[in-house]
1. Per residue of the stretch 124-137, in order, report the coupling 6.51 cos²θ - 1.76 cosθ + 1.60 (Karplus, θ = phi - 60°) as ³J(HN,Hα) in whole Hz, putting x for Gly and Pro.
2. Would you please name the chymotrypsin sites (Phe, Trp or Tyr not before Pro) within the stretch 72-144 that are DSSP coil residues with at most 16 other C-beta atoms within 10 Å of their C-beta?
3. For the stretch 127-220, which trypsin sites (Lys or Arg not before Pro) pass both filters: DSSP loop (anything but H, G, I, E, B) and at most 14 other C-beta atoms within 10 Å?
4. Taking every DSSP beta bridge with both residues inside the chain, roughly what % is antiparallel (nearest 5)?
5. So what's the gap between the Cα centers of the stretch 21-61 and the stretch 63-89, to the nearest angstrom?
6. Would you kindly derive the ³J(HN,Hα) couplings of the stretch 231-239 from the backbone phi angles with the Karplus curve 6.51 cos²θ - 1.76 cosθ + 1.60 (θ = phi - 60°), listing them in order in whole Hz, with x for Gly and Pro?
7. In the stretch 168-300, how does Rg compare with the Kirkwood Rh, expressed as the Rg/Rh ratio over alpha carbon atoms?
8. Considering amide H positions built from the backbone, and no H for Pro or chain starts, which residues 5 or more places from residue 298, or on another chain, come under 5 Å of its amide H?
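Any read-out appearing in this document is the output of simple, stated calculations on the displayed coordinates, not a laboratory observation. Nothing here was measured: the structure is a model prediction, and the numbers come from that model. Neighbour counts run over all protein chains shown; Cβ positions are idealised from the backbone, glycine included.
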Amino acid sequence: MLPPAAGKTAVYAVTGLVLGGRTVVVSPTLSLHRDQVAHLVDAGLRAEVLNSTLAKGRHAEVLDAFEAGDLDVLVTSPEQLARPDVLDALAAGEPSLLAIDEVHCVCDWGPDFRPDYLTLAVARRRLGHPRVLGLTATASVPARQEILELLGVPEACVVVRDPDRPHIHLTSHLVHSEETKWERVAREVTELSGDGATGIVYVTTRAHTTLVRDRLRDAGIAAEAYHGGMKNAERARVQDAFMAGEVPVVVATSAFGMGIDKPDVRWVVHGDTPTSIDAYHQEIGRAGRDGEPATAVLFHRPQDLARPKLFASGRDAKPRALSTVLTAVRANPRGVAIDELADPAGLSKAALARAVPGLVALGAVRQLPGRKLAPGDALGEDDIDGLAKEAAALVTRRREREQSKVELVRRYAEATGCRRRTLLETLGASRDEACGYCDMCDAGRAGDPGDRAGLHESGGQDGDPVPGEAVRHDEWGRGTVTTVAEDSVVVLFDGGGYRTLSLPLVREKHLLQPA
């Protein structure tokens with residue numbers, strides 16, 4: 001986990017050279033593919049792209065070159081690694097390193113999620129278990145654990161560098177009415193863009209992109225909408241116009257992000273409360289890439305969190321039901337419609353939809369066009385019950401983490417002390433001092449972080465827990481401290497999700513001990 005512009009391309013390029021052999025790089029966008037290959041070639045490496053833009057003949061040529069050892073690095077997409085023919089060809093080249101750029105995409109199962117990210121653990125097995133290197137600018141403590149689990153490398157080494165973006169001023173406004181929120185968003189954007197400053201408004205639904213765009217246009221601001229449901233040509237037009245400075249404001253969902261490296265974005269406004277701290281940190285990182293002062297403003301309406309909370313609180317599919325699903329899938333090697341599987345298994349369509357990513361991640365099923373499932377590599381003759389049990393446990397952990405993400409976002413948006421300190425601690429970076437560059441610090445309400453000696457240093461008898469510290473509770477077992485405030489501490493427990501504990505009681509009764 002390295003900050004933007006820290007040289008992630010160099011990290012996997014050097015790693016590949018040290019290990020020897022060939023490197024496969026998974027990267028999410030076509031624009032990133034082009035940029036990364038250009039940098040690698042400039043550095044003297046033999047690099048090529050493998051993606052959907054290549055003609056069939058050129059596609060085969062690139063695979064042949066990789067197998068023959070004529071390439072050092074192949075940059076591709078998760079969709080390519082979901083193709084058995086591509087995996088077979090790459091496996092013949094015996095790659096020594098599988099590098100996954102923007103690795104947080106593995107656990108971002110939002111509305112613009114690409115399910116083939118879940119097949120990367122399966123792809124790694126097919127490639128002969130090469131070394132794995134994941135790279136991102138943002139991954140909270142629960143996100144890191146989920147990434148390692150979904151990639152099948154739970155014991156991997158995690159390297160974290162300071163995620164702070166100190167030149168971005170942080171503000172959150174609490175609003176209670178939908179209409180009031182949009183009025184204030186339009187007013188805020190008008191003020192921020194008054195001197196021609198470029199910015200992005202993030203919202204969570206496609207309908208909101210057009211709603212806010214129209215309001216801004218009514219206010220005299222040249223704004224465009226952008227979301228994953230638009231045609232590729234229209235999305236490219238909006239992005240190109242924004243990058244060229246022809247459109248000063250884009251109203252977008254999270255689909256507008258990776259590959260947007262415009263240095264002079266001066267502000268980012270969130271009209272909807274984001275679904276996770278990871279998404280929020282990624283999105284505000286579009287501002288101030290030139291190192292100059294920038295502004296991030298969040299409009300937090302508590303009701304906005306109801307939808308992700310509802311998703312996170314649904315009933316999970318049980319192992320027996322998933323065994324029924326897997327049995328039906330195995331009997332239909334050409335694929336069976338997902339909608340036809342729910343009723344026989346006694347599942348609602350929503351519960352089955354939540355379970356499918358877990359089945360895909362384990363390699364039990366493959367997703368086909370037309371919302372169909374086909375048998376995956378792991379769906380053998382005798383292990384259906386074991387796969388079903390493992391998938392059910394994965395889905396349950398996923399739901400608990402989704403609930404936790406909602407609470408972390410709420411904690412940031414409703415922070416009672418330095419907002420930057422709260423943000424950084426949810427990302428696993430301890431910060432004792434107040435930042436002096438957020439709305440809470442501006443108002444003289446930075447708060448007291450308490451004694452940050454840490455439980456390990458004191459043997460559990462003195463000092464307060466610190467973010468990122470491993471602890472143990474008599475009832476909930478092992479966990480990781482996420483945030484510490486004046487009167488509370490939030491811990492992510494391995495088996496029980498997030499718990500908020502009273503800090504005075506933790507001190508008095510020694511509720512947490514070093515793990």
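1. Karplus-based 3J(HN,Hα) across the stretch 124-137 equals 4, 4, 5, 8, x, 6, x, 4, 10, 10, x, 9, 7, 9 Hz.
2. Details: sites: 109, 113, 117; in loops: 109, 113.
In loop regions of the stretch 72-144 (DSSP not H, G, I, E or B), the sparsely surrounded chymotrypsin sites (Phe, Trp or Tyr not before Pro) are 113.
3. Numbers: sites: 131, 144, 161, 181, 184, 187, 206, 213, 215, 217; in loops: 161.
Hits after loop and neighbour filter: 161.
4. Details: 23 of 66 bridges.
Here the share of antiparallel DSSP bridges comes out near 35 percent.
5. So the separation of the two Cα centres works out to 10 Å.
6. My calculation for the stretch 231-239 gives 5, 4, 5, 6, 4, 4, 4, 5, 5 Hz in order.
7. Values: Rg = 13.3 Å, Rh = 14.5 Å.
Using only Cα positions, Rg/Rh for the stretch 168-300 is 0.92.
8. Hits under the 5 Å cutoff: 171, 172, 173, 270.
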